[in-house]
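Just so it is clear, none of the values below were taken in a lab; they were calculated from the coordinates. Owing to the predicted nature of the structure, the values given are computational and were not obtained by experimental measurement. Every residue, glycine as well, gets a Cβ built from its backbone with ideal geometry; the counts of neighbours run over all protein chains shown.
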Amino acid sequence: MKHRGSDTRSALEDDLAALKALPRPVYGHVSGLANQAIGYPHTHSWAQLSYAIDGVLEVRTDSGRFIAPPMQAIWVPAHMRHSVFCSATTQLRSLYIDSEKVQIDWSECRVLKVKPLMRELIREFSEMPIQYDEHGREGRVVSVLLDQLAQAPEAGLSLPWPQDSRLDVICRDIHDHPDVQCKLSDYGKRLHLCDRSLSRLFLQQTGLSFRQWRQRSRLLFSLTLLEQGKRVTDVAIACGYESMPAFIAAFKAQMGFTPKELSRTSL
């Protein structure tokens, strides 16, 4: 997927930097600051919930890659260094949240499942005035939205990224070339490490085995190809799978839905 995301400082960042405090505990409007992808590493003083009404959203941090297809959102804690990417057709709806005031203080980036009610609440909130009435109907909408957010289950669509420079080389190669069929031993020879040492290092740094990490990386990459309307057979090949049934089975086991069902969730 060709990502959209400004890689130079934008007016958006200038506007965010100028804010000393959010005008309300939850801030975000369809035509406001929150709905532009910033593709270079940055931080801000408030937590952020990014949701793609249509398309696939990616957030990158120093510790991982976080992917959200439709009906899922990404939580980014306050002050966490991150960058945001999406395709040119993705419609973002992002909220900035004063996590101290709303008592949601998740300290790690996470992908959340968005139920239909929460989706509609995000849509409605994005149309509300920035200075919404906290004590009237609009305030009640925000309260229900925050309640849904606090209860939203994690989707598990994250890819832990290693801090070890040797594993970083391997992971970048897998991430950039998902169809390449290199084995753990092939990488071990390049880095002069035995299979056992490399396998142990992978588990220590990512919490996943080499095989698990590579499969998750490939499946998350497949989301961007499916978003482009690629045939499932072509996506399976591009992601290193020898057969379409094997790809579909692995995709459903990881995502909880099939590639065909994914297209039905795009709104």
Can you give me the distance in nm between label points at Val141 and Ala88, each placed 7 Å from the Cα along the Cα-to-Cβ direction? 3.2
Taking a crude spin-label model, label points 7 Å out from Cα along the C-beta direction, the Glu108 to Ser197 distance in nm is 2.9
Pull up the cross-link candidates among the aspartates and glutamates for Lys260, meaning alpha carbon to alpha carbon under 15 Å and not fewer than 8 places away within one chain. Glu227, Asp234
Starting from the Cα of Gln163, step 7 Å toward the Cβ, then list every residue of the stretch 61-75 with an amide N under 11 Å from that point. 63
Mind putting a number on the dipole of the chain about its Cα centre? Charges go on the C-beta only, +1 for Lys and Arg and -1 for Asp and Glu, and I need it in Debye to the nearest 20. 880
For the stretch 11-158, compute Rh as the Kirkwood radius over C-alpha pairs and then the Stokes-Einstein diffusion coefficient at 10 °C and 1.306 mPa s; write the answer in µm²/s, rounded to an integer. 105
Within a 10 angstrom radius of the beta carbon, how do Phe125, Phe251 rank from fewest other beta carbons to most? Phe125, Phe251
Check Val56: other-chain or 5+ apart residues with amide H under 5 Å from its amide H, H built from backbone geometry? Ser87
Averaging over all projection directions, find the projected area of the Cα convex hull of the stretch 113-218 and quote it in nm² with one decimal place. 9.5
Where the eigenvalues come from the Cα gyration tensor of the stretch 162-265, what are the semi-axes √(5λ) of the equivalent ellipsoid, largest first, in whole Å? 28, 13, 11
Point-to-point label distance, Leu117-Ala253, nm (Cα→Cβ direction, 7 Å offset): 3.4
Using only C-alpha positions, report the orientation-averaged shadow area of the convex hull of the chain, nm², one decimal. 14.3
Scan the chain and report its longest stretch carrying no trypsin sites (Lys or Arg not before Pro) that are both in a DSSP loop and have at most 12 other Cβ atoms within 10 Å. 82-182
Helix-only CD estimate at 222 nm, as mean residue ellipticity for the chain, using -39500 (n - 2.57) per DSSP H run (n ≥ 4): -13000 deg cm²/dmol
